[in-house]
Amino acid sequence: PPLHKQRHQFVIDFIKKNKTKKVVDLGCCECTLLKKLKFHREIEHLVGVDIDEATVKRKMHSLAPISTDYLQPGYEQLCVEMYQGSVTERDARLRGFDLALSIELIEHLPVPDVERFSEVLFGYMAPVHAIISTPNSDFNPLLPGLRGFRHPDHKFEWTRQEFQSWAEKVCADFGYEVDITGVGKAPDGGQEQFGFCSQIAVFHQLTSGCNMFDQSQGQGETSYTLLYSVNY
Ligand code: SAM
């Protein structure tokens, strides 16, 4: 399957395994992943955020329930919310989720914003788990005809070493542990030299379950604009 589908399947497998109830997709673009996630009954609260309002609005109405949703066995409640906002800004409504997703987002941030993103995501939103994917530039020599970055809007593409250094700093600063993996294998024998085409870091909060999360801190900070909400 194409790489974007493999990334989304990676997320779906994680959600099924970990039964995460509150999930936020950062940089959700045209809601492609959210549309798949709404069919997964583990989830009770599904939120999408993107800086580009027009892009979100294009497809967000397809997140509304269709009549057969109510007929599914084991049907649970689902609340969906879509926001316009930047992942470099704090919004109290995004705090304390079970899982935050950032799939092919960080490489679109200007380099100084990556640190602000890390602080907002891990220091403020403080999800129990986070899945971050980004291109692995070590793999780029295997992509035919590629000169420069994989997409003209990419501000950077990290090597495995750069991604790992960033991830380890996040863990040290904000109390997480990380497993780094990926999707899109290199052809025979190339795995060690090139790694995965998309690299994926899966973060787990070290204090999870202890509810260290202070609900009162920063209450009322709302920098995002609600574009759409629906209750099943
Ligand atoms: N996550 C999507 C997926 O898996 O199909 C693809 C993400 S797309 C490559 C990158 C998205 O990040 C774009 O929709 C862009 O508008 C959004 N974006 C860029 N900078 C952002 C920011 N500071 N805050 C929120 N979203 C941002």
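The values are calculated or read from the model by the stated rules, or taken from the named source; none is laboratory data. Here the structure is a predicted model, which is why all the values come from computation and not from measurement. Cβ atoms come from the backbone with ideal geometry, glycine included; neighbour counts cover every protein chain shown. Ligands, DNA and RNA are stripped out before the accessible areas are found, and what is left, the full protein with its side chains, is counted by its heavy atoms. Shrake-Rupley method; radii C 1.70, N 1.55, O 1.52, S 1.80 Å.
Numbers for the structure displayed
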| read-out | value |
| --- | --- |
| More than 25 Å apart - percent of Cα-Cα pairs taken over the chain | 41 |
| Distance violations [Cα-Cα > 25 Å] among Lys16/Lys57; Lys5/Lys57; Lys22/Lys57; Lys38/Lys169 | Lys16/Lys57; Lys38/Lys169 |
| Per-residue ³J(HN,Hα) for segment 194-203, Karplus 6.51 cos²θ - 1.76 cosθ + 1.60, θ = phi - 60°, Hz, x for Gly and Pro | 10, x, 7, 5, 9, 8, 10, 9, 10, 9 |
| Distant-in-sequence amide H partners of Cys28 (H built 1.01 Å from N, under 5 Å) | Val49, Asp50 |
| Where a label projected 7 Å from the Cα of Asp13 along Cα→Cβ would reach, residues of segment 19-38 with amide N under 16 Å | 19 |
| Other-chain or far-sequence residues with amide H under 5 Å of Leu109's (modelled H) | Lys155 |
| Carbon and sulfur %, accessible surface of the chain computed with the full protein complex present, 1.4 Å | 52 |
| Relative contact order [Cα under 8 Å, 6+ residues apart], segment 1-105, whole percent | 36 |
| Cα-centred dipole magnitude for the chain, charges only on beta-carbon of K, R (+1) and D, E (-1), debye, nearest 20 | 700 |
| By average C-beta atoms within 10 angstrom, highest first, the peptides 57-65, 113-121, 184-192 | 113-121, 57-65, 184-192 |
| Relative contact order %, the chain, counting alpha carbon pairs below 8 Å whose residues are six or more apart | 23 |
| Computed [θ] at 222 nm, deg cm²/dmol, the chain (DSSP H ≥ 4; -39,500 (n - 2.57); rounded to nearest 500) | -7000 deg cm²/dmol |
| Sequence-distant residues sharing a close amide H with Gly182 (under 5 Å, placed H) | Ile200 |
| Order by protection proxy (mean Cβ within 10 Å, highest first), peptides 154-160, 104-110 | 104-110, 154-160 |
| Gap separating the Cα centres of segment 1-55 and segment 118-161, nearest whole Å | 18 |
